Amino acid sequence: MKIHQIKNIFPDVRVARFNLAAWQKIGSDSIYFIGREVAKAAKPGEPDTGILKLFEITKDGTIVQERLIWKPMYNGINLEDPRALELPNENLLIGLTAVLRDKRGRPIPFPAIIKIDSHSSWNDELPPFLIISSFGPGKNLTPIDNSTYLFRPDSSDYNHKILVFSLHRQVPDKLDDIDFPTNLSWAKWRIGTTMPPIWLNQEEALFIIHGISIVKLKGKATYVYSIGRAKLTRKNNKFSVVVAPEPILTSDNFINNDGTPMVAELHPKLRRVVYSCGGIIKRNKQDALYLYVNVGDRTTFEVEFSLKELKEGLF
């Protein structure tokens with residue numbers, strides 16, 4: 001898959017900024033982001049606790065707005081990995097992972113939802129979030145319309161499945177499971193969502209996904225991430241996918257000419273990360289997808305792909 005352009009959107013920032021939700025400002029070329037800012041790596045087995053910030057970045061890459069919108073008030077909770085869906089009337093749905101603590105102090109992730117009215121005029125702290133506990137722990141909550149969501153339950157049974165549920169009057173109702181292939185070389189261990197699907201018609205969407213394989217590197221088992229593409233089909237609230245066999249991005253796409261990584265991993269002994277929570281089709285360029293890619297849990301790159309090429313072999 002050809003990468004048409006790649007740009008580090010936080011080139012001079014020393015703290016880690018990654019896993020950004022994204023949407024375009026109304027009447028402007030600027031892009032809004034909500035994402036994580038982490039000062040240092042957590043101890044093994046602990047989440048990388050940080051804050052959530054909102055950024056507005058202009059077409060030329062200038063940060064014209066940077067604002068803290070959420071920080072943990074207690075040690076027992078953390079919010080991670082927002083994914084944003086724009087709705088009519090300037091409303092915004094954000095799916096997150098809320099990391100809570102059990103009675104023994106162990107971190108347990110749960111899907112969570114935030115609704116923002118009139119995001120173009122929103123300038124306050126993050127509104128209250130709703131934790132979805134009906135289906136047990138899980139991650140990667142991704143809104144796909146104003147009442148339908150995807151997430152991956154935190155169970156080995158769901159390493160290659162995603163649960164779909166609806167939410168009406170604060171009551172979750174399971175609709176379906178989406179089954180993914182288990183034989184992809186870049187997603188042998190687990191698969192999950194990235195940004196919300198891009199609906200091409202009422203039943204079919206381009207679905208950007210991530211995969212993880214466990215690979216022995218330098219004698220140590222390492223979680224190696226990749227990003228891929230799929231066709232998502234929805235008929236009468238039954239869902240299916242067709243996944244392209246090759247990934248569109250791996251860690252090797254972020255290597256300098258001398259063979260060194262563009263950025264150092266936050267957890268070099270545990271994983272090699274390329275991940276994404278956000279992407280947009282810009283108003284002034286409808287034939288391209290701009291994917292906002294977390295590299296190494298350190299920084300975020302804007303990566304441009306052709307929409308036509310992303311659809312090839314799937315539609």
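In this structure, the amide hydrogen of LEU314, modeled 1.01 Å from its nitrogen in the peptide plane, lies closer than 5 angstrom to no residue at least 5 positions away or on a different chain. Couplings 3J(HN,Hα) of region 244-255, computed from phi: 5, x, 10, x, 9, 8, 9, 4, 5, 6, 10, 10 Hz, in residue order, whole Hz [Karplus 6.51 cos²θ - 1.76 cosθ + 1.60, θ = phi - 60°; x for Gly and Pro].
Per DSSP helix of 4 or more residues, -39500 (n - 2.57); summed, then divided by the residues of the chain. What does that give at 222 nm, rounded to the nearest 500?
Details: 1 runs with 5 residues, N = 315.
Per the formula, -500 deg cm²/dmol.
Rounded to the nearest whole Hz, the Karplus-based 3J(HN,Hα) values (6.51 cos²θ - 1.76 cosθ + 1.60, θ = phi - 60°) of region 184-198 follow the sequence 6, 4, 9, 9, 5, 8, 7, 9, x, 7, 10, 6, x, x, 9, with x at glycine and proline.
3J(HN,Hα) along region 4-14: 7, 6, 9, 8, 7, 8, 10, x, 10, 9, 8 Hz, from the Karplus curve 6.51 cos²θ - 1.76 cosθ + 1.60 with θ = phi - 60°, whole Hz, x for Gly and Pro. Using a simple spin-label model with pseudo-atoms 7 Å out from Cα toward Cβ, ASP60 and ARG104 lie 5.6 nm apart. Comparing SER30, SER276, SER155 in a Gaussian network model of the chain, where Cα atoms under 10 Å apart are tied by springs, the biggest mean-square fluctuation is seen for SER155. Each residue, THR260 and SER28, gets one label point 7 Å from its Cα in the Cβ direction; the gap between the two is 3.7 nm.
Taken together, the values in this text are just the output of simple stated rules run on the coordinates, not laboratory data. Here the structure is a predicted model, which is why all the values come from computation and not from measurement. Cβ atoms come from the backbone with ideal geometry, glycine included; neighbour counts cover every protein chain shown.
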